[in-house]
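Data block below; observations after.
The values are calculated or read from the model by the stated rules, or taken from the named source; none is laboratory data. From a predicted model like this one, the values you see are computed outputs, not experimental measurements. Cβ: placed from backbone, ideal geometry, glycine included. Neighbour counts: every protein chain shown. Just so you know, the surface numbers come from the protein's heavy atoms only, side chains and all, with ligands and any DNA or RNA stripped out. Shrake-Rupley method; radii C 1.70, N 1.55, O 1.52, S 1.80 Å.
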Amino acid sequence: AATIAEAVQQAPSWPPVSILVSPGTYCEALTISKPVILIGEGHAILQPMANEPTVVLGCECAVQPEIRNFRVHGLGSLPAFRVDSGSPFFCNCTFSSERAAAIQVRGSAQPRIEGNEFQACGKASVAFQEDSGGIMKGNKLCGSEAHGIIISGSSKPLIEANVLTDHAKPAMFVRDTATCTIRQNTLSRNKSYGILLTGTSKATVENNDLQGHGLPAISARDQAGGLISGNILERNEGFGILVMNSAKPTIEGNCLRNNRRCTPEATGAVGADAAGDPNGAGEGGARAQDTTARRPPTRRAPADEGAGGGNKRAAIAIKDCAAGIVRRNCLEENGGYGILVCNSARPTIEGNILSGHVRPALAIRDQADCIVRGNQLHNNQGYGIVVGDSARSTIEENDFSKHAQPAIAVRERSECAVRNNRLQNNSGFGILVCGSARPRVECNRISDHTMPAIAFVDQAAGIVWGNILENNSGYGIALCGTARPLVQGNKITGHKSAAIAVRDQAEGVIQENSICGVCSSTPEAISCGYGIYVCGSAQPIVQRNTLRGHRVSAVVLREQAGGVVRENKVEDNSAPGIMILGEARSIVEDNTVNSVDAPAILVLENARCLVRGNNGVGEVLVCGATQAVVRDNILKEHHSEATAFEAMNIKGVCGSKVCDGGLPPPS
C-alpha cells in the first residue's frame, strides 16, 4: 500500500494483522476500528492533516489495535491521537503536540499506554476525560509548558511507574469526579504542583517519589478526598502536601524529609496558581504567620526561637475548612514547619513521627479544631507543638523528648486540651502557656526538664490538673506575670527547684496537690528544692496541699508575696515547714506542720504576715519580724532576738538561696 490508511483499509477485520511502516513522514488522518498492529520502522513519523487528529481509534473487537515505534506530533489545537472506545495499545512511541493533548482519551475508552516518551506537549501529554479508564505505565513525560497528565470527568485510569519532569503546570491534574489510582511514579523538578487533586475527585496516590517542586508536591483542594499513602517527598521548595478548601483526604504512611531547605528565591517567580485558579498557592498556599511562643517576661528569648523568621511553609499543611486524617507519616528535618494546621481546618493528626525540625514540628493556629493524638516528636530544635490564636484543639497521648524549645506551647486565646502526653528530657519548657490562653492541662507525665515542666505566663489562665511531674531540675509548675490558673490534684516528686513557684503578680488557686521531696540524707536530698515558692507580689490561694519529705522549707513566702496559705499538710521535713521572709503579707492559717529538728513555721526580716490557727509538731519562731501577727496557733510561739542573718543558720533554712527553677530570679 502507498499509505498507512490504505494498508489499514485493506486489512481484514479478523484475524489481526501486523502492518510494518517504513521510515518516513506520513501526513495522514487515520481512523482505526480494526485489530491491526502498526509497527514503525526506523524513523517513521506520523503528522496530522489540517484540522484533524492524526489517529482516531475506536475498536470494539476482542483483540485491540496496537501502535508501536512511531514519532507522533500534533499540530494546532487537535490531539495527535484520540481514543473514543476500546482498549488500544500504544508502546515505544514518542509524542509531542502544539496546543492540545498528545493523546486524548474519552467516552468509555480504556487504552494501554506503556513505555512511551512525551516531550514538549502543548496542553497535556495525556488527557483522560468523561468515563474513560485504562493503564498508563512506564512512560517518560518531560519538558512541557503545560500539564503532564489531566484526569477529568468520571475517568478512572491507573497511572503507574511513570517519570514526569520539568512541567510548567501541575504534572498530574485530577479534577471533577475522577477516581484514578496514581502509584509508583517519579515526579521531579516540576515548576508547579507535582500532583493536584480538585473538585470531588477521590484519587489513590500511593508509593510515588516527588522531589524538587516549586509549588506543593501534592495538593488536595475543593472537596477532594481519597488516599495519599506511602509516598516519599524530598527536597521540595513548596509545601510537601497541601490540603485546602473543604478537601478531606487520608494522608497516611508518607515520608517527608528535607523539604523547604533552600532559599525561597529559588521559586519566587512562580506566582499565580498554575492550575488556573486565582486563589492559588504561588507562595505556598496557606497563610502561615509567625508562631513564636513567647518566653516568660523575665527570660529574654534568643534571636532565633525556632518559630519566627522567614521560612513559613510546611511539609504538610491543612488550611481553610479542610479535614481528613494525617496518620503514621514520618517527617524529618524539613526546613519549614513539620505540620501546619490553620484557618478553620479540623483534621485528625495521629501516629506520626516528627524529628529534626528547626521551626515548630506542629503548628496549630487561627480557629483550627483538630485532634493531635499518639504522635512521637523528638530531637526538634524548634517547638514540638505550638497552639495559637483561637485554636481549640485536643493534644493527647503524644510523646515528646529532646526539644531545644518548649515541647508544647499554648498561646494567644487558645482554649485547647493538653492531656495524657509524655514529656521527657526536653531542654526547653515542657508545657508553656502564654498570652491569654486558657487550656486544660491534665494527666500529663513530665520528667527530666531543666526549665519549668509547666509554665503559665502573661495573662494565661486555665486548669492544671492531675499531672505527674518527676525528677525535674527546673520548677515543676511556674506561674509568672499575671497568670491565674487553677492548679489542682497534681503529683510532683524529686524536684531540684521549687515544685510550684508563683512569682511576679500571678494569682491563681493551688490546691490538693501532692508534693514530695527526696526522702534521704544524701547530698542529692539536700539539694532538693522547695515545695511551694511564692515571691514578687504574687497573691495565690494555696490550700489543702500535702507536702512531705523536704530538706529545705516546704513552703516559702518572700518579698511582697500576699495571698492565703491554709489547710495544707506539711510533714516529714527536717527544715522549717513554712518560711516567711522579706515583706511578705500572706495569711498563713489552719495548716498542719510537722517538722523535725527545725521550726514548724519561721517568720523573718520584715514580714507582715498573719499566722493563726496552725497546728502540728514544732514551734512558730519569729526572728525580728515586728509587724508580723502571730496568734491562736496550737503550735508553741517563740519570739527570738536572733537576727535574720543568725536565723539563716537554722538547719535547712536556705533563706538567701537563689531559687530560679530554670528562670532568672524576679527583679
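The phi torsions of the range 554-567, fed into the Karplus equation with coefficients 6.51, -1.76 and 1.60 and a -60° offset, translate into couplings of 6, 10, 10, 10, 9, 6, 9, 4, x, x, 10, 10, 9, 6 Hz, rounded to whole numbers, with Gly and Pro shown as x. Each Lys and Arg Cβ is given +1 and each Asp and Glu Cβ -1; about its Cα centre, the range 354-452 then shows a dipole of about 80 debye. Between Pro35, Phe128, Val509, the Cα set farthest toward the positive side of the dipole of the chain (charges on each charged residue's Cβ, about the Cα centre) is that of Val509.
What the range 27-182 shows is 35 Å² of accessible area per residue, with the surface traced by a 1.4 Å probe over protein heavy atoms. With the highest mean first, a sort of the peptides 352-363, 83-94, 101-112 on other beta-carbon atoms found within 10 angstrom per residue produces 352-363, 101-112, 83-94.
Solvent exposure of Glu117, expressed as accessible area, is near 60 Å², computed with a probe of 1.4 Å over the protein chains only. Backbone geometry of the range 411-426 corresponds, through the Karplus equation with coefficients 6.51, -1.76 and 1.60 at θ = phi - 60°, to 3J(HN,Hα) couplings of 9, 6, 10, 4, 10, 6, 9, 10, 8, 6, 8, 10, 10, 9, 6, 8 Hz, x marking Gly and Pro.
Building the convex hull from the alpha-carbon atoms of the chain and averaging its projection over directions returns 31.3 nm². Phi-derived couplings, Karplus 6.51 cos²θ - 1.76 cosθ + 1.60 at θ = phi - 60°, listed residue by residue for the range 370-383: 10, 10, 10, 9, x, 8, 10, 10, 8, 6, 8, 6, x, 5 Hz, with x used for Gly and Pro.
Within the accessible surface of the chain, defined with a 1.4 Å probe on protein heavy atoms only, the carbon and sulfur portion equals 46 percent. Across the protein chains, with a 1.4 Å probe defining accessible surface, the residues Lys191, Lys169 rank Lys191, Lys169 from largest area downward.
What you get for the chain, charging only the Cβ of Lys and Arg (+1) and of Asp and Glu (-1), is a dipole of about 280 debye around the Cα centre. Peptides 377-384, 222-229 ranked from most to least packed give 377-384, 222-229, packing being the mean of other C-beta atoms within 10 angstrom over each peptide's residues. Taking all protein chains as they are arranged and a probe of 1.4 Å, the heavy atoms of Glu512 leave approximately 80 Å² accessible to solvent. Amide H contacts of Ala101 (H built 1.01 Å from N, in plane; Pro and chain starts excluded): Lys123, Ala124 sit under 5 Å, all sequence-distant by 5 or more or on other chains.
Sorting 235-247, 156-168 by their mean Cβ neighbour count within 10 Å, with the most densely packed peptide first, gives 235-247, 156-168. Suppose a student asked you for the relative contact order of the chain, using Cα pairs under 8 Å spaced at least 6 residues apart; what percent would you report? After rounding, I find 4 percent. Of the residues Ser219, Ala483, Val372, the one whose Cα sits farthest towards the positive end of the charge dipole of the chain is Ala483 (charges of +1 on Lys and Arg Cβ, -1 on Asp and Glu Cβ, taken about the Cα centre). Computed from the C-beta positions of Asn207 and Cys321, the FRET efficiency with R₀ = 22 Å rounds to 0.15.
Placing unit charges on the Cβ atoms of the charged side chains and taking the dipole of the chain about its Cα centre, the candidate lying farthest along the positive direction among Val55, Gly430, Ser18 is Gly430.
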